[in-house]
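Q: I have a structure I would like to understand better, so I am pasting it below and will then ask my questions one at a time.
All of the numbers you see were taken from the coordinates with simple rules; none came from a lab. The structure displayed is predicted, hence computed values, not measured ones. Here the Cβ is made from the backbone with ideal geometry for all residues, glycine too, and neighbour counts use every protein chain on show.
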Amino acid sequence: MRLLQSGKLLMKSLLGALLFYTILPFPSSNNFSLRAIALWAPIVGIFLAAILGIFDGLLELILPFNSGLRSGLVVALWVYLTGGLHLDGAMDTSDGLGVNDLTKRLEVMSDSRSGAFAVITAIGILGLKTLALMEIPSHRFSVLLHTLAWGRWAQLFAIVHYIYLKPEGKGKFHKEGIERWQVYLVGLLLLSLVFWAWDLRFIIPFCSLIALVVGFLINKKVGGQTGDTYGAIVEWTETCALIGAALLLKFPR
């Protein structure tokens, strides 16, 4: 009975993660839970990567060469599937970093209006992702898989290791019900992806390192975490991982 109840709780949490992190029309009613959904975030990333990989494969039939249009459409679907959740966080974080006072910084980050820094950040992230994908002619699905999974693990790592700055907020509930050992276990499971994509095993250490460095730098700059910085960590980890993969694939192995 306990095992059955645990299984139901896990499924509710997984459904909660899919509903929160994507705009996909899963049946919700009230049969979901937002408790510990961040633990499922890397799995959601793998799920999204599968959709993007299928879409990219279909585009290849129409655009057999690796065009900018093909890569741009993949990135556009990427943003659409997440509802711009993480990109919005990256934009708000950039606006906040333009203010030195911490209190005012949090107020700016909470403002729904986008400033110049936010717009520049959005253009930079979307442009760099598109350009990086254009430089990856093969193994695109595997690269997307690692990029989306490790980007969300970076958020998970930041959730348990850094303080949350706001007394309330959408990001605060992410810390509830998550232990550090669970984060490391998820990381080990992601490392096992190397056996699935052995040809890209050299990307794994890079992606995992980027996942740690990006969160550390944003935490140091902001002085803690908010829901917006969680989104910024995801976006910048993904962007750096794509750029790194594009560069690493240029080297003979």
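Q: Tell me, what HN-Hα J-couplings in whole Hz come from the Karplus equation 6.51 cos²θ - 1.76 cosθ + 1.60 at θ = phi - 60° for each residue of segment 214-219, using x for Gly and Pro?
A: Once θ is set to phi - 60°, the couplings for segment 214-219 become 4, x, 4, 5, 5, 4 Hz.
Q: Do any trypsin sites (Lys or Arg not before Pro) in segment 101-159 lie in a loop, going by DSSP, with at most 13 other beta-carbon atoms within 10 Å of their beta carbon, and if so which? Intermediate results must be reported in sequence, preceding the final value.
A: Numbers: sites: Lys104, Arg105, Arg113, Lys129, Arg140, Arg152; in loops: Arg113.
Answer in residue order: Arg113.
Q: Now for a different question. Report the FRET efficiency, 1/(1 + (r/R0)^6), for Leu61 and Leu189, where r is their Cβ-Cβ distance and R0 is 45 Å, rounded to 0.05. Can you show the working numbers first?
A: Details: r = 33 Å, r/R0 = 0.73.
According to the calculation, E is roughly 0.85.
Q: Can you give me the relative contact order of the chain as a percent, contacts being Cα pairs under 8 Å and 6 or more apart?
A: Relative contact order, the chain: 26 percent.
Q: Residue separation times 0.36 nm, minus the C-alpha to C-alpha distance between Leu24 and Thr103: what's the value?
A: Extra length from Leu24 to Thr103 when fully extended: 24.9 nm.
Q: Using θ = phi - 60° and the Karplus form 6.51 cos²θ - 1.76 cosθ + 1.60, what ³J(HN,Hα) does each residue of segment 98-108 get, whole Hz, x for Gly and Pro?
A: Whole-Hz 3J(HN,Hα) from phi for segment 98-108: x, 10, 7, 6, 4, 4, 5, 4, 5, 5, 5.
Q: Step by step: find N for the chain, compute 2.2 N^0.38 Å, then divide the Cα radius of gyration by it. What's the final number? Don't skip to the end; give the middle numbers.
A: On the way: Rg = 18.0 Å, N = 253, 2.2 N^0.38 = 18.0 Å.
Normalised Rg, Cα atoms only: 1.00.
Q: Continuing with this model, one more query. Given N residues in segment 15-64, what is its alpha carbon radius of gyration divided by 2.2 N^0.38 Å? It would help to have the intermediate numbers written out before the result.
A: Details: Rg = 13.9 Å, N = 50, 2.2 N^0.38 = 9.7 Å.
Against the compact-globule rule of thumb, the ratio is 1.43.
Q: Would you mind ranking Thr147, Thr22 so that the residue whose beta carbon has the fewest other beta carbons within 10 Å leads the list?
A: Numbers: Thr147 28, Thr22 18.
Result, fewest neighbours first: Thr22, Thr147.
Q: What order, most packed first, do the peptides 203-209, 177-183, 217-223 have when packing is the mean number of other Cβ atoms within 10 Å of each residue? Show your work: numbers first, answer last.
A: Numbers: 203-209: 18.3, 177-183: 13.9, 217-223: 15.6.
With the highest mean Cβ count within 10 Å placed first, the list reads 203-209, 217-223, 177-183.
Q: Now, a different point. On a C-alpha basis, how far is the centre of segment 117-152 from the centre of segment 49-114 in Å? Whole number, if you could?
A: Distance between centres, Cα-based: 9 Å.
Q: Next question, about the same structure. With θ set to phi - 60°, apply the Karplus curve 6.51 cos²θ - 1.76 cosθ + 1.60 along segment 82-92 and write out the HN-Hα couplings as whole Hz, x wherever there is a Gly or Pro.
A: Whole-Hz 3J(HN,Hα) from phi for segment 82-92: 8, x, x, 4, 6, 5, 4, x, 5, 5, 5.
Q: Between Ile51 and Phe216, what is the FRET efficiency for a Förster distance of 41 Å, r being their Cβ-Cβ separation, to the nearest 0.05?
A: Values: r = 30 Å, r/R0 = 0.74.
Efficiency at R0 = 41 Å is approximately 0.85.
Q: If you place +1 on the Cβ of every Lys and Arg, -1 on the Cβ of every Asp and Glu, and leave all else neutral, what size is the dipole of the chain about its Cα centre, to the nearest 20 Debye?
A: On the way: 21 positive and 16 negative charges, 115 e Å.
The dipole of the chain has a size of about 560 debye.
Q: Hey, can you grab everything whose amide H is under 5 Å from the amide H of Tyr164? Only 5+ residues off in sequence or another chain; H modelled, so Pro and N-termini drop out.
A: Gln225
Q: Based on other C-beta atoms within 10 Å, arrange Glu176, Glu168 from fewest to most. Don't skip to the end; give the middle numbers.
A: Values: Glu176 12, Glu168 8.
If I rank by nearby Cβ atoms, fewest first, I get Glu168, Glu176.
Q: Right, something else. May I ask you to list the chymotrypsin sites (Phe, Trp or Tyr not before Pro) in segment 20-106 that are in a DSSP loop and have at most 14 other Cβ atoms within 10 Å of their Cβ?
A: On the way: sites: Phe20, Tyr21, Phe32, Trp40, Phe47, Phe55, Phe65, Trp78, Tyr80; in loops: Phe32, Phe65.
Sparse-neighbourhood loop chymotrypsin sites (Phe, Trp or Tyr not before Pro): Phe65.
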